[in-house]
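Structure record follows, encoded as structure tokens.
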Amino acid sequence: MMWDKNTETMSRAGIESVQLERLKRVVKHCYDNVPFYHKRLTEAGVTPEKIKTLSDIQYIPYTTKADIRDTYPYGLFAVPMKQVVRIHASSGTTGKPTVVGYTKQDIETWSQLVARLCMAAGASEDDIVQIAFGYGLFTGALGLHYGLEKIGASVVPASSGNTEKQIMLMKDFGTTAVVSTPSYALYMAEVAKDMGCSKEDFRLRLGLFGSEGCSVEMRSEIEEAWGLFATDNYGMSELIGPGVSGECRRREGMHIAEDHFLPEVIDSASGEVLDRGDTGELVITTLTKECFPLLRYRTKDITRLNYETCACGRTHARMDKIKGRSDDMLKIRGVNVFPSQIESVLIGMDQIGPHYQLVVRREGFMDTLEVKVELTNGDLLERYGELQELQHSIQYKLKTVLGIVAKVQLVEPKTIERFAGKAKRVVDLRGKE
Ligand code: DLL
């Protein structure tokens, strides 16, 4: 089922013509209404008239998170405050949040985009959908909420946390679809089990997961625990929130709403635009946002684009699951390591559970990586020989995939921290000890 079949199956020429018309419009909107962009574009010698083809986008400088920070809180808003009907913000790890605004039309666009991805994932008006993202400044909960209402689903705004109550609601309300981070879905499954529930007690059939990465291996683990079909969707507050891209039932990449977001992939280090099909940092130009338009925004997320028409019939480009963030990439003894690579090694091994933590330290001049992972059965800690054998086998697998030796520490079940939102799995202590 498609929410907007005409748009979702448009020819490439059709998509590009919509993109060009909208690109011209958004560049003019930024130039005319945002002093920051007026200055940036002028300095780069770009006037709106200079954009005649899609490839003219190359003349526009990139926008970065630092630009948003420097104009905190409202410096990049392109409409007067009286037209702003909603403000969201993402917390970030340090300092001030990133603030974004929406006009009435932006909220409508956003709802349409989320409706698209929910339907592509298989949600419908017959679903009872429990939203277990935190309501508040975070875009995840309200974004999914409006989109799911749009398709007519029955939305349960449970919010995140309070896990036992969450599970009670899920059971009593006959929830058929759940919205959360993948790590929280996994944690909820663990709590449900502890409460003596089995998956037959629930009517869950679909998971709409996003906001953080999830390897295919982790996805199988969640599907197995809940007996549901899991899909992945991607977005970020600056770009709109959820609604940028999402998987269809084939799960061969997340379809980008290309009529609203113009994607490019660049080399993070040099800033050079890469060829189609190469892996690099995703850069997005928002084509229709009124309040918070962004030109060539560097997302720092690493992915690859595929422009082939999907077997589902959708023609919009698909992006691979996010490989990691360029600033999340761990450089250990000169080797680039993405946490997602480690996750795919760990998940799926019988004797260890899906909860892990990566600790990076500097010892002398050497970086060390310690992979802490929970055993499924704590008794193994007493059986030294078996424990060592398992440790070595994990170490060997990690070495094969990463090319470096990591220290493996196997710990008691349920001793690694759980999260109700995005999981924080990397602890980088370099320069802090
Ligand atoms: O996480 C928006 C969102 C909410 C998307 C709900 C999907 C569902 P932020 O809090 O601004 O926005 O975080 C954005 O999260 O740059 C990625 O690094 C990461 N991220 C988001 N979705 C995915 C995903 C929301 N499906 C940042 N896979 C992004 C991997 C993701 N990483």
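The values are calculated or read from the model by the stated rules, or taken from the named source; none is laboratory data. Just so it is clear, the structure is predicted and the values come from calculations on it, not from any experiment. Cβ sites come from the backbone with ideal geometry, for glycine too, and all protein chains shown count toward neighbours.
Some notes on this structure:
- Number of the exception - Ser215 against (1) within 23 Å of Ile342 (Cβ to Cβ); (2) away from the ligand (no atom under 16 Å from the Cβ); (3) not aliphatic (A, V, I, L, M): (2)
- Taken as a whole, the condition of being in contact (Cβ under 8 Å) with a residue 12 or more places away in the chain, within 20 Å of Arg116 (Cα to Cα) and in contact with an Asp or Glu (Cβ under 7 Å, 6 or more places away or on another chain) does not apply to Gly241.
- Candidate set from region 38-79 (those that are among the hydroxyl-bearing types (Ser, Thr, Tyr) and within 16 Å of Leu262 (Cβ to Cβ)); member that is surrounded by the most Cβ atoms within 10 Å (Cβ to Cβ): Thr63
- Residue in region 180-200 that is modelled with pLDDT of 95 or more, within 12 Å of the ligand (Cβ to nearest atom), among the small types (Gly, Ala, Ser) and surrounded by 23 or more Cβ atoms within 10 Å (Cβ to Cβ) present: yes
- Any hit, region 254-269, residues being acidic (Asp, Glu), surrounded by fewer than 19 Cβ atoms within 10 Å (Cβ to Cβ), more than 16 Å from the ligand (Cβ to nearest atom) and in the same structural domain as Ala78 (by TED's automatic domain parsing): yes
- The residues of region 316-337 that are within 25 Å of Arg251 (Cβ to Cβ), surrounded by fewer than 20 Cβ atoms within 10 Å (Cβ to Cβ) and more than 11 Å from the ligand (Cβ to nearest atom) amount to a single one, Met329.
- Flag if Glu264 is part of a helix (DSSP H, G or I), at pLDDT 95 or above and not aromatic (Phe, Trp, Tyr): no
- Which listed residue is over 29 Å from Leu23 (Cβ atoms) and in contact with a Pro (Cβ under 6 Å, 6 or more places away or on another chain), from Ser160, Ser91: Ser91
- The residues listed here are Gly92, Gly122, Gly161; of these, the one that is surrounded by fewer than 19 Cβ atoms within 10 Å (Cβ to Cβ), modelled with pLDDT under 95 and under 22 Å from Ala230 (Cβ atoms) is Gly161.
- Counted residues, region 274-298 - those being β-branched (Val, Ile, Thr), surrounded by 16 or more Cβ atoms within 10 Å (Cβ to Cβ) and either farther than 17 Å from Leu117 by Cβ or more than 20 Å from the chain's Cα centre (by Cα) (or both): 3
- Listed by first and then second residue, the pairs with beta-carbon distance under 6 Å, at least 6 apart or on different chains, first residue in region 218-229 and in a loop (DSSP other than H, G, I, E, B), second among the aliphatic types (A, V, I, L, M) and modelled with pLDDT of 95 or more, are Leu228/Leu204; Leu228/Leu206.
- Any hit, region 272-281, residues being within 13 Å of the ligand (Cβ to nearest atom) and either in the same structural domain as Met319 (by TED's automatic domain parsing) or among the aromatic types (Phe, Trp, Tyr) (or both): yes
- Candidate set: region 409-425, residues that are of a type in the set (A, V, I, L, M, F, W, C) and crowded, with 19+ Cβ neighbours inside 10 Å; chosen: the one nearest to Glu386 (Cα to Cα): Leu410
- Annotation: of all residues in region 229-244 being near the ligand (Cβ under 8 Å from one of its atoms) and among the polar types (S, T, N, Q), the one that is surrounded by the fewest Cβ atoms within 10 Å (Cβ to Cβ) is Ser237.
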